[in-house]
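*Asks:* After the structure tokens below, expect a handful of questions from me.
The values are calculated or read from the model by the stated rules, or taken from the named source; none is laboratory data. Fair warning: this is a prediction, and the values are worked out from it, not measured in the lab. Reconstructed Cβ throughout: ideal geometry from the backbone, glycine too, with neighbour counts over all protein chains shown. The area values use the complete protein model at the heavy-atom level, side chains included, leaving out ligands, DNA and RNA. Shrake-Rupley method; radii C 1.70, N 1.55, O 1.52, S 1.80 Å.
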Amino acid sequence: MSKVFDLYKEIGGAFGPSGREDAVREAIAAVAGAYIDEITTDALGNLICRKKGTGKKLLFAAHMDSIGLVATFIDEKGFVRFSQVGGLFHGDLIHTRVRFANGTRGVISYEEKTPFKSLGMDNLFLDIGAKSRAEAEQLIEVGDFAVFDAPCFEQNGVICGPYLDNRIGCVTLLLLLEQLGQETPENDLYFVFTAQEEVGLRGAGAAAFAVEPDAAVAVDVTDTGDLPERKTPMAVKLGGGPAVKVMDRSVICTPALRVALELAAADCGIHTQREILQFGGTDTAALQKARAGVPAGAVSIPTRYIHSPSELCAVSDVEQTAQLLARFASKALNI
């Protein structure tokens, strides 16, 4: 198995829906600590790792939170109604297993009298095997958060599992730190593992406000356009190399920073793709709007089936993203 997969199992398996990132933060800090000079946690739960250099401040961000669900009501038979934490799609949820922080597990199912094409979140419920409300309340409480409880695997150069969005971005930054090693970098580097991205990019803005970077780069996943009969054409494919973001619904990336990222990739002999994401956004937008504005860009890992329990990405895309970012971080910043 690849080092990418080993790190993903370690980081991805930690419980960490938005606002409950403690276990993920601890897992990341345990790995990152060997490569950095300072490590802090702010009031929102962002993990801020600094590798001191003499040049300009360069911030790399990857969000460590995941989507999930929160218990909202327990009926008299012990079935649990829930609301979404971040973006859930009911088509991905039917008969999906979930896990609460205390280890309680359950299965999402649906009201069968409702036509399948008419199903919405209001027609779904969670079965935790309880026979009554009293029995269910011995296992969980209203307000408890849960995450997907799905297996992961590596096969034929791809990784499949839950929460590649965005634990694989966190893995990429850890690989970047390892490649930079113990030498003093050209720039003053900040590696920020952000909180609450899935519920409104909340952590990234606060972290960028505090750090005041001269430039910022987000690392996240992006959709692909290589599936059969895809509704929306997109010039990104799995295994095609890192995707350098041009824009999405929330941000237009700083052109000079996009060019600098592409040149860093070319220096390494890495082929990049250009990402224009027509739906959704990333921490890039919050980084760009911090204080009086920050030159901002993003490099994305092409990923299929985003926000499902079985997301899929290529190991080579992750490795090459870390390589190009290491080259970019090592050069004088002229943005």
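*Asks:* Quick one: Asp220 ticks every box in (1) acidic (Asp, Glu); (2) over 19 Å from Ser308 (Cβ atoms); (3) at pLDDT 95 or above except a single one, so which number is it?
*Replies:* (2)
*Asks:* Further question: Got a sec? Which of Lys237, Lys331 is among the charged types (D, E, K, R) and within 22 Å of Gly53 (Cα to Cα)? Reasoning before the result, please.
*Replies:* Working: Lys237 fails: within 22 Å of Gly53 (Cα to Cα).
When all the criteria are applied, what remains is Lys331.
*Asks:* So is Ala30 open to solvent by 70 Å² or more (accessible area, probe 1.4 Å), among the small types (Gly, Ala, Ser) and closer than 24 Å to Pro185 by Cα or not? Even if it seems obvious, please write down each step before you answer.
*Replies:* On the way: open to solvent by 70 Å² or more (accessible area, probe 1.4 Å): yes; among the small types (Gly, Ala, Ser): yes; closer than 24 Å to Pro185 by Cα: yes.
Yes; evaluated as a whole, the condition is true for this residue.
*Asks:* When the range 135-144 is examined, which residues are found to be in contact (Cβ under 8 Å) with a residue 24 or more places away in the chain and either closer than 15 Å to Asn102 by Cα or among the aliphatic types (A, V, I, L, M) (or both)?
*Replies:* Step one: filter the range 135-144 for residues in contact (Cβ under 8 Å) with a residue 24 or more places away in the chain, giving 135-137, 139-144.
Within the range 135-144, Ala136, Glu137, Leu139, Ile140, Glu141, Val142, Gly143, Asp144 qualify.
*Asks:* Show the residue pairs meeting these rules: Cβ distance below 8 Å; 6+ apart or different chains; first residue within the range 65-80 and closer than 16 Å to Arg202 by Cβ; second residue of a type in the set (D, E, K, R) and surrounded by 24 or more Cβ atoms within 10 Å (Cβ to Cβ).
*Replies:* These pairs meet every condition: Asp65/Glu21; Asp65/Glu197; Ser66/Asp165; Ser66/Arg167; Ile67/Asp165.
*Asks:* With respect to Asp92, determine if the residue is farther than 23 Å from Val142 by Cβ and touching a residue at least 60 places away in the same chain (Cβ under 8 Å).
*Replies:* Working: farther than 23 Å from Val142 by Cβ: yes; touching a residue at least 60 places away in the same chain (Cβ under 8 Å): yes.
The answer is yes for Asp92.
*Asks:* Working only within the range 107-125, note down all residues that are assigned to a strand (DSSP E or B) and among the polar types (S, T, N, Q).
*Replies:* Hit for the range 107-125 is Ser109, nothing else.
*Asks:* Then there is this: How about the range 156-199: which of its residues are closer than 20 Å to Lys56 by Cα, polar (S, T, N, Q) and open to solvent by less than 30 Å² (accessible area, probe 1.4 Å)?
*Replies:* Asn187, the sole residue that qualifies.
*Asks:* A further question follows. Take the range 1-27 and flag every residue that is surrounded by fewer than 22 Cβ atoms within 10 Å (Cβ to Cβ), modelled with pLDDT under 95 and under 14 Å from the mean Cα position of the chain (by Cα).
*Replies:* Gly13
*Asks:* Please go through the range 237-254 and pick out each residue that is surrounded by fewer than 24 Cβ atoms within 10 Å (Cβ to Cβ) and in contact (Cβ under 8 Å) with a residue 60 or more places away in the chain.
*Replies:* Correct list: Lys237, Leu238, Gly239, Gly240, Gly241, Thr254.
*Asks:* While we're here: Out of the range 175-202, which residues are in a loop (DSSP other than H, G, I, E, B) and in contact (Cβ under 8 Å) with a residue 24 or more places away in the chain?
*Replies:* Gly181, Gln182, Thr184, Pro185, Glu186, Asn187, Ala195, Gln196, Leu201
*Asks:* Answer with yes or no whether Gly19 is at positive phi and either in contact (Cβ under 8 Å) with a residue 40 or more places away in the chain or not polar (S, T, N, Q) (or both).
*Replies:* Answer is yes for this residue.
*Asks:* When you scan the range 92-145, how many residues do you find that are more than 26 Å from Arg304 (Cα to Cα) and exposed (fewer than 13 other Cβ atoms within 10 Å of the Cβ)?
*Replies:* Number satisfying all stated conditions: 13.
*Asks:* Hey, another quick one. More than 30 Å from Leu324 (Cα to Cα) and open to solvent by 10 Å² or more (accessible area, probe 1.4 Å), is that true of Glu38?
*Replies:* Criteria not met by Glu38.
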